[in-house]
Amino acid sequence: MNDNVFQDKLNYHLLDSFVKQTSIVISGHLLVASINIGLFWQQINHVFIFAWAIFLLLIGLLRWLMKTQYQRHQQRLSPGYWWGLFAVSSLLLGLAWFVWCLHVGMVIGFDGIGLSIIVITAAGLVSGAVASTSSSIYSYICFSVPILLPLSFVLLFDDQMETQGIGLLIVLFFMITLRQVLSINGVLQESIINRLELEKSKEQTEKLAKELYQLSTVDALTSITNRRGFNEALSREWLRAKRSNTPLTLLMIDVDFFKAFNDSLGHLAGDECLRLIASALMNFTRRAGEVIARYGGEEFAILLPNTTGKDGVKIAENICQGIVKLNIQHPASGIAKNVTVSIGVYGAEPGQLDDSQELIKFADNALYQAKAAGRNCVRLAESFG
């Protein structure tokens with residue numbers, strides 16, 4: 001995972017945390033707005049109240065729509081773009097409350113109970129924003145600055161010392177809450193980073209385990225399934241055939257006079273011969289569930305699900321012809337100039353046998369019959385064949 005991808009994942013997690021607060025943010029603003037309207041209903045012009053309330057409702061609706069769009073189309077926009085949109089919505093909320101506090105303060109005067117209500121409202125909103133916007137420092141600043149700083153500016157330049165003191169306290173309050181937001185944001189980012197690192201470690205562990213498993217089930221020489229992988233595939237396909245009541249056919253393939261091939265041409269040539277044969281066998285298996293395996297030494301096995309013994313014989317005969325066409329010279333063969341194979345075939349439905357090992361037993365017996373018949377041929381096991 002490169003740095004850009006990691007940073008995007010971190011930002012999306014932070015955005016998720018921010019978006020989850022939408023319902024609480026909207027309901028909180030509406031509640032505080034209702035209380036303020038009730039408290040100042042007799043003192044403030046009703047036209048202003050209705051206009052301001054509609055504006056606040058529109059901002060809340062906008063915020064809700066942004067939430068739904070983010071949840072549906074998160075990946076369409078970059079994290080930075082989403083942060084910008086949400087910061088704008090926070091700024092609009094802050095400006096709405098700035099207008100309310102400034103207008104109410106000018107109408108009733110910045111003193112007495114009215115001032116207390118304004119200050120408590122502003123402080124309460126910003127305190128709530130500490131929790132709801134901690135995942136976005138910019139959104140917190142965009143919301144709190146329009147509310148607190150203009151209010152503190154007005155109060156600091158008031159003639160009364162007590163009012164100036166309140167203005168100074170508001171400035172200190174902003175600094176304290178900003179420090180809290182920075183601290184919470186840092187903890188939140190660290191938590192998400194730890195989670196992402198854990199997920200990354202888990203993915204790497206799973207990938208490594210998968211690679212190790214593949215290595216343990218793949219033959220190093222031929223790059224096809226090894227004996228262990230074949231046994232697992234046989235068990236899996238046996239159970240599947242048992243459930244669906246379909247035939248399962250096994251081909252046991254042996255390279256004719258392979259020891260003599262090694263003795264005459266050397267083991268390197270023998271290894272190359274096995275690789276060529278394994279590659280050729282892949283041309284005869286195309287369907288899902290079909291498995292080619294190096295069963296041992298110069299012996300191969302092909303598992304054919306949903307295939308009868310008679311159909312398996314046709315495939316085996318094609319394989320014999322295909323191996324001959326490889327034109328691998330065999331100076332020590334007792335039957336041909338080129339490398340050939342003998343194949344034993346057995347096909348049955350699981351209900352005809354006690355277990356999957358009997359499939360191997362009958363196919364192996366058929367292979368023995370093919371060798372006894374002169375090699376370079378195919379034999380079908382007679383039992384249940």
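The values are calculated or read from the model by the stated rules, or taken from the named source; none is laboratory data. No experiment lies behind these values; they were computed from the predicted model shown. Heads up, the Cβs are rebuilt from the backbone with ideal geometry, glycines too, and the neighbour counts pull from every protein chain shown. We work out accessible area using only protein heavy atoms, side chains counted, and drop any ligands, DNA or RNA first. Shrake-Rupley method; radii C 1.70, N 1.55, O 1.52, S 1.80 Å.
Farthest toward the positive end of the dipole of the chain, out of Ala372, Gln43, Ala33, is the Cα of Ala372, where the dipole comes from beta carbon charges about the Cα centre. When each of the peptides 291-303, 126-138, 75-87 is scored by how many other beta carbons lie within 10 Å of its residues on average, the order from highest to lowest is 291-303, 126-138, 75-87.
Charge tally around Phe258: other residues with Cβ under 15 Å, Lys/Arg +1 each, Asp/Glu -1 each, net -2.
Extension gain, Glu190 to Leu39, is 50.1 nm, computed as 0.36 nm per intervening residue step minus the present C-alpha separation. The value obtained for the range 15-163, namely the Cα convex hull volume divided by the number of residues, is 95 Å³ per residue.
At what distance in angstrom do the alpha carbon centres of the range 346-385 and the range 182-233 lie from each other? Cα centroid to Cα centroid, the span is 40 Å.
Considered as an equivalent ellipsoid built on the Cα gyration tensor, the range 292-359 has semi-axes of 28, 13, 9 Å, the largest given first. Computed from the Cβ-Cβ distance with R0 of 41 Å, the FRET efficiency linking Val47 to Gln7 stands at 0.30.
Largest first and in whole Å, what are the equivalent-ellipsoid semi-axes of the range 87-169 based on the Cα gyration tensor, each being the root of 5 times an eigenvalue? Computed over the range 87-169, the values are 24, 12, 10 Å. Principal axis analysis of the Cα atoms in the range 129-215 yields extents of 83, 16, 13 Å, listed in decreasing size.
Annotation for Asp354 and Gln180: the two label points, set 7 Å from Cα along the Cα-Cβ direction, are 7.6 nm apart.
With the charge dipole of the range 52-172 set up from +1 on Lys and Arg Cβ and -1 on Asp and Glu Cβ about the Cα centre, the Cα lying farthest toward the positive end among the listed residues Gly114, Ala87, Trp100 is that of Ala87. Would you mind classifying the range 188-278 by shape? Square roots of the alpha carbon gyration tensor eigenvalues, ordered a ≥ b ≥ c; an a/c under 1.5 is rounded, otherwise it is prolate if a/b is larger than b/c and oblate if not. Oblate is the answer for the range 188-278, as a/c is 1.5 or above yet b/c matches or exceeds a/b. Compared with the direct C-alpha span, the chain from Asn327 to Tyr213 gains 37.5 nm at full extension, assuming 0.36 nm per residue. Using the rule -39500 (n - 2.57) for each DSSP H run of four or more residues, divided by the residues of the chain, the 222 nm mean residue ellipticity is -24000 deg cm²/dmol.
Segment Tyr368..Asn283, full-extension length gain: 28.1 nm, with 0.36 nm per residue of separation and the alpha-carbon distance subtracted. The Cβ shell under 13 Å around Thr308 holds other residues with a net charge of 0, Lys and Arg each +1, Asp and Glu each -1. Counting only protein heavy atoms and using a 1.4 Å probe, what share of the accessible area of the chain belongs to carbon plus sulfur, as a whole percent? Of all accessible area on the chain, carbon and sulfur atoms account for 59 percent. Considering only Ser152, Thr205, Gln69, and ranking their Cα positions along the charge dipole of the range 60-215 that arises from unit charges at the beta-carbon of Lys, Arg, Asp and Glu, the one farthest toward the positive end is Thr205. The overall shape of the range 247-333 is prolate: from the C-alpha gyration tensor, with semi-axes ordered a ≥ b ≥ c, the ratio a/c is 1.5 or greater and a/b exceeds b/c. A Cβ-based charge dipole, computed about the Cα centre of the chain with Lys and Arg at +1 and Asp and Glu at -1, lands at about 880 debye. Summarise the long-distance tail of P(r) for the chain by giving the % of C-alpha pairs beyond 41 Å. Within the chain, distances greater than 41 Å cover 51 percent of Cα pairs.
The string of couplings for the range 173-184 from the Karplus curve (6.51, -1.76, 1.60, θ = phi - 60°) is 4, 4, 5, 5, 5, 4, 5, 5, 4, 4, 5, 5 Hz, one whole number per residue in order, with x for Gly and Pro.
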